[in-house]
1. Count, please, the residues in the stretch 339-353 that happen to be modelled with pLDDT of 90 or more and in a loop (DSSP other than H, G, I, E, B).
2. So is Leu330 assigned to a helix (DSSP H, G or I), closer than 28 Å to Ala208 by Cβ and of a type outside the set (Val, Ile, Thr) or not?
3. If the Cβ limit is 7 Å and pairs must be 6+ apart or interchain, which residue in the stretch 126-152 that is on the phi > 0 side of the Ramachandran plot pairs with which residue that is at pLDDT 95 or above?
4. Out of Met366, Met371, report the one residue that is more than 15 Å from Val38 (Cβ to Cβ) and touching a residue at least 24 places away in the same chain (Cβ under 8 Å).
5. Quick check, is Leu205 assigned to a helix (DSSP H, G or I), closer than 19 Å to Leu336 by Cα, of a type outside the set (S, T, N, Q) and without any contact (Cβ under 8 Å) to a residue 12 or more places away in the chain?
6. I'd like to verify a number: residues in the stretch 100-143 that are of a type outside the set (D, E, K, R), surrounded by fewer than 18 Cβ atoms within 10 Å (Cβ to Cβ) and not in a strand (DSSP E or B), how many?
7. For Ala164, indicate whether it is outside any loop (DSSP other than H, G, I, E, B) and surrounded by fewer than 22 Cβ atoms within 10 Å (Cβ to Cβ).
Amino acid sequence: MVSSATVLPGSESRPKRPLDRYIVWVVLLLAVFGVVAVYSAISFLAETKAGGDTERFLVRHLVRVGMALGALIVCSVIDYRKLARFSRIALLISLGLLVVVQIAGVTSGGATRWLRIGSFGFQPSDLARVALILYTGVLLAKKQTYIKSFARTFMPVLVWVLAACILIGIEDLSSALMLLATAMLMCFVARVSMLHLGGLSALGLALAFLLMLGSSNRAARLESYLGLNIFPHTETEEVLSDQAEGYQAQQARIAFAMGGLTGVGPGKSTQRDFLPAPYNDFIFAIIAEEYGFLGAMALLGAFLTVLFRGFLRIARRAPDPLGLFLGVGLTTSVALYAFVHAAVACGLLPVTGLPLPFVSYGGTSMVATGMMFGILLNISRQCVER
């Protein structure tokens, strides 16, 4: 049963424990493995945008890894309660930036998700993801005494969750659905009414359907996965052709088949020249080709470690309800991204644009993941024995 207090008595003065060493080792291993995998997969990007200069993109990736580790260290040192105090302001700023994206955003790869200030570009959706998890945890912790109330608890949470998910989902439906699922699991752990959660899930599905009606690309990806032409604004030939929407999934399956059990070896992938964004959206397929089934399963095992430690060690032993809800939300967000990314590469889910946390080539998403790992580690320093 979750206590109604936001902070347990004496939790501020309780001596700090060491950081969860399993999470620390997993993060370091993912960072190192990601550098190697990105360097192997980056050749096509280097040839098309830098005249074959792979070192340029490798250095850029190393800088971003350093920024992510820096964010992790900072967030692991600052008490998560202090960070949570600024979550509402951070969420308001993030939502404002998401509105600006719709007005003056930068389009890349057919999607308008970026803002650019000079030579610096970033995705506000990643910042909104962290801010929403923090503020949802704050709301749920404060409202434990009347957690079943629709007006006093569910509606305030619903407004913020829907605002963030709609603004993100306009250009990035898959990230919006992941965020919605994360928020719903946090509400479930906080004992929010199942009737309310059922209504939220139905509303989320309805909004996802409407967003698909507004984008032929999204609808075509779902139809290609199902093998059916069900939306009126898509072309049947494009949807069912292996050279159109089904091309990415087909090339990813070829990568898995070529990798076999032990892989073709580091740096020897051939599918990196055929897969779009092999360094980002489909890096798991390149890893499966180069390191085989065993290497891919070892990588998923690292994320399983994060899942089990985050749920059973950190969230379960958190010193207060806020730590519990944040532990569940942060762990869920990282694990969902990883497993959905892998499922897409395997052909188990429709094609999305989700990166593999701390492995894929990326900027804002990697820093946001570093922040989430850092907050999770800070909670682990204050865990109590149950």
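The values are calculated or read from the model by the stated rules, or taken from the named source; none is laboratory data. Source: prediction; values computed, not measured. Note that we place each Cβ from the backbone using ideal geometry, even for glycine, and neighbour counts take in every protein chain shown.
1. The number of residues fulfilling the criteria is 0.
2. On the way: assigned to a helix (DSSP H, G or I): yes; closer than 28 Å to Ala208 by Cβ: yes; of a type outside the set (Val, Ile, Thr): yes.
Yes, satisfied.
3. none
4. Numbers: Met366 fails: more than 15 Å from Val38 (Cβ to Cβ).
Of Met366, Met371, the one residue that is more than 15 Å from Val38 (Cβ to Cβ) and touching a residue at least 24 places away in the same chain (Cβ under 8 Å) is Met371.
5. On the way: assigned to a helix (DSSP H, G or I): yes; closer than 19 Å to Leu336 by Cα: yes; of a type outside the set (S, T, N, Q): yes; without any contact (Cβ under 8 Å) to a residue 12 or more places away in the chain: yes.
Yes; evaluated as a whole, the condition is true for this residue.
6. Filtering the stretch 100-143 for residues of a type outside the set (D, E, K, R) gives 100-112, 114-115, 117-125, 127-128, 130-141.
Keeping just the survivors that are surrounded by fewer than 18 Cβ atoms within 10 Å (Cβ to Cβ) gives 100, 102-104, 106-112, 117-121.
From what is left, the residues that are not in a strand (DSSP E or B) are 100, 102-104, 109-110, 118-119.
Final tally of qualifying residues: 8.
7. On the way: outside any loop (DSSP other than H, G, I, E, B): yes; surrounded by fewer than 22 Cβ atoms within 10 Å (Cβ to Cβ): no.
Answer is no for this residue.
Residue-by-condition table, conditions (1) at pLDDT below 90; (2) out of contact with any strand residue (DSSP E or B) (no Cβ under 8 Å at 6 or more places or on another chain); (3) of a type outside the set (A, V, I, L, M, F, W, C):
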| site | (1), (2), (3) |
| --- | --- |
| Thr112 | yes, no, yes |
| Leu132 | no, yes, no |
| Gln144 | no, yes, yes |
| Trp160 | no, yes, no |
